[in-house]
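As structure tokens, the structure follows; a few thoughts come after it.
The values are calculated or read from the model by the stated rules, or taken from the named source; none is laboratory data. Please read all numbers here as calculations on a predicted model, not as lab measurements. Methodologically, a virtual Cβ is constructed for each residue, glycine included, from the backbone with ideal geometry; neighbour enumeration extends over all protein chains shown.
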Amino acid sequence: MRKWLSRGAAPVDFVAQADRLRLQGKLEEAEAVCAQGLASFPTYASAHVLMGDIFRDRGLTAAAEAEWNEACRLHPEHPRANLRLAQLYLARGEIAPAMAALELSLLYSPDSQEGNSLLAQATEAKPRRLGPDRHAAWLTPSRFDELLSAIGGCPSVTATALIAPDGEVAGSGLRGSEQSGLAAMLMLESRHLLRRIEAGPLRAALIRGKRRDLQCFEVDGFVLLAYLHLGTPVGLVRTEIQRTVAALRRRWDDGGTKDALASAA
Amino acid sequence: MERLASQPGIVGALVTARDGLPVAMHMDSTEAGETWSAVAAMLGNLAARLLEEGGDEMEAAVFHTVNHQFVVARVQVGFLLAAAQPNAEGAALCDRARAAAEEVNAATRELIGSLL
């Protein structure tokens, strides 16, 4: 497994000392020791995690989050940094990023009691049903099937699915071995990881296989999955799908305006 | 990696082991390279797992973000990552990454052959 401290000598002493002080409630002293150590070892991810813990104990949540994010920026798979972020997201009710951070944390510490207990909490908190209030204004549940069927009609596409922002499958035209749950996880975790390296928001992912390709798109917070014929040009399917979605939106918008005008009349 | 990174639109390239340890890289900074190496391995493992569950095998994955395009291609030792500008031509980028992956595989085979 990757070492969290990858460069230079191991400055574990200052972290142990600062953590002892933190546990004794001497938070200012703990912060001073940790800050001094970090000045010499700024890329020591575990020290940033501890600094975040100290800030959290002092009630400085934003500063704590910044330190945990810095630890994850240095080592995206750091289990404790991801665990801390997951706790924070969960406390705010942000279930999807909490799940993504937990997945990363448990990937390298699968037996962590704290991680597994948080995962159970996050799963419990995950809404069982889709509420209309969580949808983009134009993408209502009654339109899911129409959208999937229109995308499924694109020449490059063989099957489709729509995943809600919380990871639930909102609609699916997939069969047998086609994986909507895993694809949703790929998009959620990729989004999370790419944010860490400051790559900006994820727009789309294309996975090329030996037998067929899979394209995942972001559509107003939803993830749209499209299995493609093998070798479909990268740009072509994006254009086809974007045009189809745009045409549907125009039709729905026109319908909405007509309905409003009819009501007003 | 140096040859791949010098192609039009490509800003950096690296090869990572499956556990995220960097094997070779051509990036602006070592620190960024180590982080990107870990991210490339995680993205590659996830994408590979997704296709394997469906009975398929991953060749490459392209992630489009606002600031970059990332191509993760499978190689014998793990994954190859090519980071490109967001407006780079996707198909050409994918082809270059796959060609580079072939070269990496050939070099790996040669190295193993010379050790045996």
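Quick grid of which residues meet (1) out of contact with any helix residue (DSSP H, G or I) (no Cβ under 6 Å at 6 or more places or on another chain); (2) free of Cβ contacts under 8 Å to residues at least 24 places away in the same chain:
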residue: B:ALA32; (1), (2): yes, yes
residue: B:GLU52; (1), (2): yes, yes
residue: B:ALA73; (1), (2): no, no
residue: B:LEU80; (1), (2): no, no
residue: B:ARG96; (1), (2): yes, no
residue: B:VAL104; (1), (2): yes, no
residue: B:ARG109; (1), (2): yes, no
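Take the conditions under 16 Å from A:LEU194 (Cα atoms), within 9 Å of chain A (Cβ to nearest Cβ) and either among the small types (Gly, Ala, Ser) or part of a loop (DSSP other than H, G, I, E, B) (or both) and apply them to B:ALA38. Does it pass?
In short, yes.
If you take the residues of segment A:202-238 that are in contact (Cβ under 8 Å) with a residue 40 or more places away in the chain and of a type in the set (Val, Ile, Thr), which of them is surrounded by the most Cβ atoms within 10 Å (Cβ to Cβ)?
In this case the residue turns out to be A:VAL223.
For segment B:70-110, which residues satisfy the criterion of being acidic (Asp, Glu) and either farther than 16 Å from B:GLN7 by Cα or assigned to a helix (DSSP H, G or I) (or both)?
B:ASP95, B:GLU102, B:GLU103, B:GLU110
Under the condition of being hydroxyl-bearing (Ser, Thr, Tyr) and in a helix (DSSP H, G or I), which residue from segment A:13-66 is surrounded by the most Cβ atoms within 10 Å (Cβ to Cβ)?
Residue satisfying both the conditions and the ranking: A:SER46.
Which one of these is away from chain B (no Cβ under 14 Å) and at pLDDT below 80: A:GLY255, A:GLY231, A:GLY235?
Details: A:GLY231 fails: away from chain B (no Cβ under 14 Å); A:GLY235 fails: away from chain B (no Cβ under 14 Å).
None of the other options fit; the residue is A:GLY255.
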